[in-house]
Amino acid sequence: MDDRLLHRHSFFIGGRWVPPASDALLDVISPSTEEVVGSVPLATTDDIDHAVEAARAAFDRGPWPQMAPGKRADLLARAADLLRKRTDEIAAVTTEEMGCAISQAPKAQTGLVAPVFDYYAELIRTFEFERQVTAGPRHGLLGLLPVGVVGAIVPWNAPVTLAAWKVAPALAAGCSVVLKPPPESPLSNYLLAEALEEAGIPDGVINVIPGGREVGEHLVTHPGTDKIAFTGSTAAGKRIMSLCGDQVKRVSLELGGKSAAIVLDDADFDLVVPTLVGGAMHLSGQVCGAHSRVLVPRARYEELVDAAAAVAAGITVGDPHDPATLVGPLVAERQRDRVEGYIASAIADGARVAAGGGRPAHLPKGWYVEPTILADVSNDMRVAREEIFGPVLCLIPYDGDDDAVRIANDSDFGLAGGVWSASDERALGIARRMRTGSVTVNGTAAPFPLVPFGGFKQSGLGRELGPDGLLGYLEPRSIGLPPALA
């Protein structure tokens, strides 16, 4: 791979590639080899100040917020075209920095990047940013204005995808953005910055500075930011929400999940089980919307356990650079330790390991965990209550449809879910009873990026994608109109 993609020496601030405030470097460690594969400057609070100042100037004095929506749309559409040309580079870089299997990377890491920019470009061409209303003799002018400077903080599991979900609607709204990629996978969003620079986005409208928790908190509390858009853990989201609360700062949070897939008693296991197991192991289970709890009718429970164990045992685990690999490593040693701790906790609570449960014997290096199926799980166990973020699937028995819905909804989270049945109508009826942000019916998800994504309860606040994703970066304003102006 081109060494330029793996070793970066500057930040993108104010429309230019600028040197960092310090000489410190952040090493990027390969999860599959445990060796250094790249590096970026280690951001300081001074770098964040510089970026916020640039974004503030771009919003307060630059052309972007006042630009006609159609002109903004043209630049976003051009960015989408340029990002499509970088698909292979983004996929390759994420394989190096976070261990995403190359067999999945083009879809998982870039499949919803350029299309999101395309979607918001088209949306704002016809979006009603201003309209008049009349009620008898009274007249008003209702406007939707950009919220201002956005601090966007993204996680390591899908860094460019989740950046696009924030940056595209924020820019479409007329905001400027300071994007902070994570320290574990800081490299791939440099390609996003390059595409936006080449597209001709005005100076300071997009600024990209990877960094750790300290600089992230500085960005959150900076008086120059008007909104924080965050994707990550619920614990971090709670901290960000409390910090934003001190300033009454706008915030949107896409947080954790412990989503349930309800398998009804008439479901075809030959079709259902490979999809459920494969979905749970996608990105090594490091997906917030993963259906990590599978609820199974008690009369067919052992049948599904055996089928799931057989599928898991047949999954290829290995080098993420190998196209035959389906499950690569976890992002970091601490993440592997976390997943192993959850498996040990499940066993201590009485769960049974039906498949996996350890480290692959043929992979002495790298932070790997075998695809794991846990049986005899009850919904009060820690593994059923907390997000594991690893290749672990919990199988929970239930008695009747009402019991399945009760168990599915008995969670602190509400991000995603699914229902499987031989009857689409029956599955839809169950889906409507689930208290969660999105539900698939027999594996059919709503079309992205047209529909909002986000969660109930501790899975977050606000929505990304769809028209709701744009509204999250707009402030409503009303102006009373004299009759002569109506």
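The values are calculated or read from the model by the stated rules, or taken from the named source; none is laboratory data. No experiment lies behind these values; they were computed from the predicted model shown. Please note: Cβ atoms are built from the backbone with ideal geometry, for glycine as well, and neighbour counts cover all protein chains shown.
Structure notes:
- Reported count of residues in segment 327-375, each being closer than 30 Å to Pro297 by Cβ and assigned to a helix (DSSP H, G or I), is 8.
- Contact map, segment 381-404: residues that are in the same structural domain as Met434 (by TED's automatic domain parsing) paired with residues that are in a loop (DSSP other than H, G, I, E, B) and polar (S, T, N, Q), Cβ distance under 6 Å, separation 6+ or inter-chain. Pairs shown: Phe389/Gln286; Ile396/Asn379.
- Only one of Val133, Val149 that is within 30 Å of Asp49 (Cα to Cα) and not assigned by TED's automatic domain parsing to the domain that holds Ser284: Val149
- The condition of being more than 28 Å from Met67 (Cβ to Cβ), of a type in the set (Asp, Glu) and either touching a residue at least 24 places away in the same chain (Cβ under 8 Å) or not in a loop (DSSP other than H, G, I, E, B) (or both) holds for Glu214.
- Contacts under 6 angstrom Cβ, first residue in segment 77-90 being farther than 14 Å from Thr161 by Cβ, partner in a helix (DSSP H, G or I) and of a type outside the set (A, V, I, L, M, F, W, C), 6 or more apart: Leu82/Glu198
- Taken over segment 411-427, the criterion of being in a loop (DSSP other than H, G, I, E, B) and under 11 Å from Leu264 (Cβ atoms) is satisfied by Ser421, Ala422, Ser423.
Here's the yes/no breakdown for (1) of a type outside the set (A, V, I, L, M, F, W, C); (2) surrounded by fewer than 18 Cβ atoms within 10 Å (Cβ to Cβ):
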{"position": "Ile343", "(1), (2)": "no, no"}
{"position": "Ile347", "(1), (2)": "no, yes"}
{"position": "Ala355", "(1), (2)": "no, no"}
{"position": "His362", "(1), (2)": "yes, yes"}
{"position": "Thr372", "(1), (2)": "yes, no"}
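- Within segment 85-112, the residues that satisfy the criterion of being closer than 16 Å to Glu197 by Cβ and out of contact with any Ser or Thr (no Cβ under 6 Å at 6 or more places or on another chain) are Lys85, Arg86, Glu89.
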